[in-house]
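Below is one structure, written out as structure tokens, with a few remarks after it.
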Amino acid sequence: MRILIATSEAYPLIKTGGLADVSGSLADALRKQAVDARILIPGYPQVLAKTKDLEPIQRLDFIPQVGSVTLLQGTMPDRGTPVYVLDHPYLYRREGGPYQDMMGRDWADNPLRFGVLSHVAAVMSSGHSPLEWKPDIVHCNDWQTGLTPAILHYFGTSRAKTVLGIHNLAYQGNFAPEWVTLLGLPPHSYQIEGVEYYGQMSFLKAGVYYADAIITVSPTYAKEIQTDEYGCGMQGLLKTRARVLRGILNGIDTREWNPAIDPYLVRNYDIDRIGDKQANKEALQLRLDLDVDPHAPLLAVVSRLAYQKGLDLLLACASTLVHEGAQIVLLGSGDPALEFGFNQLHKAHPGRVSVTIGYSESLSHQIMAGSDIFLMPSRFEPCGLNQMYGLAYGTPPVVRRTGGLADSVHDACETNLESGKATGFVFEHANEAEFLTCIRRAVGTFEDKKTWRKLQTNGMRQDLSWTRSAKEYLEVYRSLLQ
Ligand code: ADP
Ligand code: GLC
């Protein structure tokens, strides 16, 4: 089976969030199941620098608006997954992020940048492809490649089956209607039964409408997005597509996220040596100028600072928690108001609160290992990976019951504690009072060392591997090819 994973980010080449982790790991896990999975990604400077053995293999002509582009082929560092890099210096070789410039503003020509990516994925998956390697399935991810199923539909040639992976329905890629023809779609595709969405053309809606199958990243989120509360306007359409919509919980890459071999830790540990986690706590407190205190419950956040993540709830109750003896460590960036708020919090509580605004792979691993309790009060969370990293690192998470958080964390209620199922702490509603109560419950359990150890080991034993998820993806692919 040949699968083309078309994506705007893939770890370790380029990453802004979980999508990158998933694209990189899914390809790798599928290859372990003897699937010929390959990645297509834009040639951002980081991708050109990190992909191994890159060589130009094909010029593709007739790409709307830009004429021709060059496809390079190489491999993922460390993993060997084949990677097709879409090279177009003007569109992708820029300083800044994949979606935004250095000032955090969306690139004005994003519809063109990702329209071209979607178009190239479509060409590679159609009868028009000049390449020898032709996929059976093109697996698109989020709005950035959401247009591919629509373009393939209008090519009218033989084509691969299409899968749309939805990692976050809140980002839809909605643009002015002029983009329909600029991106080579026929004018009549701009209608309700097509790419039109509330007066705009929508990349994500196009994918939801035309894909042969839709996969979202947890079973609960698959249900939630069919409701008014979580559907971001697409609930109606998603309901009509429910027959081809399925939720598959993401896995975690156990080579990258494994406390027994993690190179960023001062001391590695596993289920039989959880005591060694303590050395990582001390090192973290030292590194971040926190009071070195083995008994203070160390609460942690590593996150994009966005409304979705509900971290305003933490800001609201953080001082109370500090007065009750907790320490807080946060690594993240995003919303300037939240960045400001957390910086103020740090100033108010030196030695008790550490705030790092920015992005750091190494610190994120050290926080996961060195902290006691991981916080994720998300308003919505399609899957969430950090809570799973927390489980694997013996750092039980406090999460809101939504999306993948609901599917991956089992509350430490009486029944779950007795049955050995409990792995963390779950609360229902996104408000400060419930969040605070839940954190207090976690801190209370943290002080009961025996129960805490049980909770840690339950989480560390949970099968979070990609092998499990990859098998479910295979089922979907197989059913499409039958
Ligand atoms: P999302 O994709 O919505 O941001 P996920 O929990 O699925 O949420 O994935 C987030 C990923 O990005 C995790 O791998 C997390 O460790 C990483 N991450 C987020 N913010 C930072 C940061 N500031 N520094 C390092 N890693 C981060
Ligand atoms: C998105 C979601 C996150 C999910 C990730 C990978 O960024 O916000 O919940 O884990 O995609 O699927």
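The values are calculated or read from the model by the stated rules, or taken from the named source; none is laboratory data. Note that the structure is predicted; figures quoted are calculated from it, not measured. We place every Cβ from the backbone using ideal geometry, glycine too, and count neighbours over all the protein chains shown. What goes into the accessible areas is simple: the full protein's heavy atoms, side chains included, and nothing from ligands, DNA or RNA. Shrake-Rupley method; radii C 1.70, N 1.55, O 1.52, S 1.80 Å.
The figures follow:
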read-out	value
Scan of region 413-429 for residues that are open to solvent by 10 Å² or more (accessible area, probe 1.4 Å) and in a loop (DSSP other than H, G, I, E, B), ordered by number	Cys413, Gly420, Lys421, Glu428, His429
So Gly146, is it within 16 Å of ligand 1 (Cβ to nearest atom), modelled with pLDDT of 95 or more and under 22 Å from Ala20 (Cα atoms)	no
Residue check for Thr254: more than 20 Å from Ser364 (Cβ to Cβ) and either touching a helix residue (DSSP H, G or I) at 6+ places or on another chain (Cβ under 6 Å) or open to solvent by 30 Å² or more (accessible area, probe 1.4 Å) (or both)	no
Those residues of region 211-231 which are over 23 Å from Lys471 (Cα atoms), touching a strand residue (DSSP E or B) at 6+ places or on another chain (Cβ under 9 Å) and open to solvent by 30 Å² or more (accessible area, probe 1.4 Å), in sequence order	Gln226
Residue in region 130-150 that is nearest to Gly207 (Cα to Cα), counting only those that are open to solvent by 10 Å² or more (accessible area, probe 1.4 Å) and not charged (D, E, K, R)	Trp143
Some residue of region 429-451 being over 28 Å from Phe380 (Cβ atoms), touching a helix residue (DSSP H, G or I) at 6+ places or on another chain (Cβ under 6 Å) and at pLDDT 95 or above	yes
Any hit, region 393-403, residues being within 11 Å of ligand 1 (Cβ to nearest atom), within 23 Å of Lys15 (Cα to Cα), out of contact with any strand residue (DSSP E or B) (no Cβ under 7 Å at 6 or more places or on another chain) and open to solvent by less than 10 Å² (accessible area, probe 1.4 Å)	yes
Hey, Tyr90 within 16 Å of Leu48 (Cα to Cα) and open to solvent by 10 Å² or more (accessible area, probe 1.4 Å) or not	yes
The lone exception for Gly394 - which of (1) within 16 Å of ligand 2 (Cβ to nearest atom); (2) modelled with pLDDT of 95 or more it fails	(1)
Matching residues in region 355-391 - criterion: being away from ligand 2 (no atom under 11 Å from the Cβ), among the hydrophobic types (A, V, I, L, M, F, W, C) and over 24 Å from Phe340 (Cβ atoms)	Met368, Ala369, Ile373, Leu391
Criterion (on the phi > 0 side of the Ramachandran plot and more than 16 Å from ligand 1 (Cβ to nearest atom)) met by exactly one of Asp78, Asp36, Asp61	Asp78
Qualifying position, being modelled with pLDDT of 95 or more and crowded, with 22+ Cβ neighbours inside 10 Å, among Ala348, Ala300, Ala296	Ala300
Helices (runs of 4 or more DSSP H) contained entirely in region 1-100, each with at least 2 residues that are over 25 Å from Val476 (Cβ atoms)	45-50, 89-92
Condition check for Gln172: over 20 Å from the mean Cα position of the chain (by Cα), among the polar types (S, T, N, Q) and either open to solvent by 60 Å² or more (accessible area, probe 1.4 Å) or within 15 Å of Trp143 (Cα to Cα) (or both)	no
All positions within region 320-334 that are in a strand (DSSP E or B) and either crowded, with 20+ Cβ neighbours inside 10 Å or touching a His at 6+ places or on another chain (Cβ under 6 Å) (or both)	Gln327, Ile328, Val329, Leu330, Leu331, Gly332
Residue selected from region 151-169 under the condition open to solvent by less than 20 Å² (accessible area, probe 1.4 Å) and of a type outside the set (Val, Ile, Thr), by the criterion nearest to ligand 1 (Cβ to nearest atom)	Asn168
Pick from region 1-59, criterion away from ligand 2 (no atom under 16 Å from the Cβ) and among the acidic types (Asp, Glu), ranking: least open to solvent (accessible area, probe 1.4 Å)	Asp36
